[in-house]
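To start, the structure itself, in structure tokens.
The values are calculated or read from the model by the stated rules, or taken from the named source; none is laboratory data. Note that the structure is predicted; figures quoted are calculated from it, not measured. All Cβ positions, glycine included, derive from the backbone under ideal geometry; neighbour counts span all protein chains shown. We work out accessible area using only protein heavy atoms, side chains counted, and drop any ligands, DNA or RNA first. Shrake-Rupley method; radii C 1.70, N 1.55, O 1.52, S 1.80 Å.
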Amino acid sequence: MALDDYIKKRKFNNTPEPEGQYVGGNSDRFVIQRHQASHLHYDLRLEMDEVLKSWAVPKGPSLNPDDKRLAIQTEDHPVKYLTFHGSIPKGNYGAGDMTIWDEGSYKIIPDGKYTSGISQLKKGDLKIEFFGKKIKGKFALVKMRHTKEQNQWLLIKKKDDFSTVLEYDAEVFSNKESHSKASKIIPLKPSQLLKPMLATAAKKIFNDPEWIYEIKWDGY
Ligand code: MN
């Protein structure tokens with residue numbers, strides 16, 4: 001547990017980010033922030049040992065167990081960062097817009113003698129159950145052993161009631177303006193001509209929070 005790096009990288013008179021302070025206790029909360037910095041990425045943060053253990057996930061999390069998402073461990077963040085969103089001004093470390101993509105609580109799944117988050121973190125093999133709005137169920141966060149860089153991990157969904165076989169793109173699940181516009185209900189007048197929406201054949205099934213699927217039972 002150390003916020004030294006966090007503090008060293010920032011000038012707190014020039015960024016809206018919280019100052020580096022430790023808090024007692026641990027409520028097992030997590031946050032995933034969408035961070036539009038020089039490169040878009042998602043920051044996963046787990047409340048642990050009075051700080052937020054943090055990873056930058058370039059492609060964002062996935063609910064598809066076939067995806068192994070690279071997660072680069074970054075400096076510990078203060079617990080106050082759980083609710084941080086806003087614009088980090090140009091010239092600052094991590095300059096760009098940050099929004100909260102998902103938040104909630106998590107639980108460490110005991111693995112033999114490794115029952116705490118800290119012990120699993122040291123082992124490089126975290127077994128986590130998430131209780132978020134988007135990210136739910138069991139995940140593994142595993143340190144890559146055979147790479148030069150010491151901070152590379154993989155975030156992998158486990159098969160459960162919350163996993164999907166569909167393609168998963170975190171961007172599609174972010175609350176973008178286009179989504180709220182698309183779901184706006186427009187009242188129709190009885191005389192108004194309504195153009196039917198034509199079906200277009202797609203190469204593969206897409207995954208979008210605004211769409212649901214049902215199986216066609218006649219063999220197709
Ligand atoms: Mn970031």
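Give the residue from Ile109, Pro89, Val51 lying farthest towards the positive end of the charge dipole for the chain; charges sit on Cβ (+1 for Lys and Arg, -1 for Asp and Glu) and the dipole is referred to the Cα centre.
Checking the options against the dipole of the chain, the answer is Pro89.
Taking the Cα-to-Cβ direction at Leu154 and at Ser38 and moving 7 Å from each Cα, how far apart do the two end points lie in nm?
2.8
Suppose each label sits 7 Å from its Cα in the direction of the beta carbon; what would the Lys216-Ser119 distance come out to in nanometres?
Calculated label separation equals 5.3 nm.
Counting alpha carbon pairs within less than 8 Å and at least 6 residues apart, what relative contact order, in whole percent, applies to the chain?
Across the chain, relative contact order equals 18 percent.
Tell me the label-point distance for the pair Ser27, Ala2, using the 7 Å Cα-to-Cβ offset, in nm and rounded to one decimal.
If labels sit at Ser27 and Ala2, their model points lie 2.8 nm apart.
For a quick check, take a GNM of the chain with Cα springs below 10 Å and name the residue from Lys189, Lys158, Lys90 with the largest mean-square fluctuation.
Lys189
Mind checking the full-extension length gain between Lys195 and Asp161? Use 0.36 nm per residue of separation minus the Cα-Cα distance, one decimal, nm.
Stretched out fully, the Lys195 to Asp161 stretch lengthens by 8.4 nm.
With a cap of 12 neighbouring Cβ atoms within 10 Å, and only residues DSSP puts in a loop, list the chymotrypsin sites (Phe, Trp or Tyr not before Pro) found in the range 1-93.
Phe12
Would you work out what percent of the accessible area of the chain, with all protein chains in place, is carbon or sulfur (probe 1.4 Å)?
Accessible surface attributable to carbon and sulfur in the chain totals 55 percent.
Quick one: in the range 4-173, what % of C-alpha pairs are over 27 Å apart?
22
Find the accessible area per residue for the chain; the probe is 1.4 Å, ligands and nucleic acids are left out, and the unit is Å².
65
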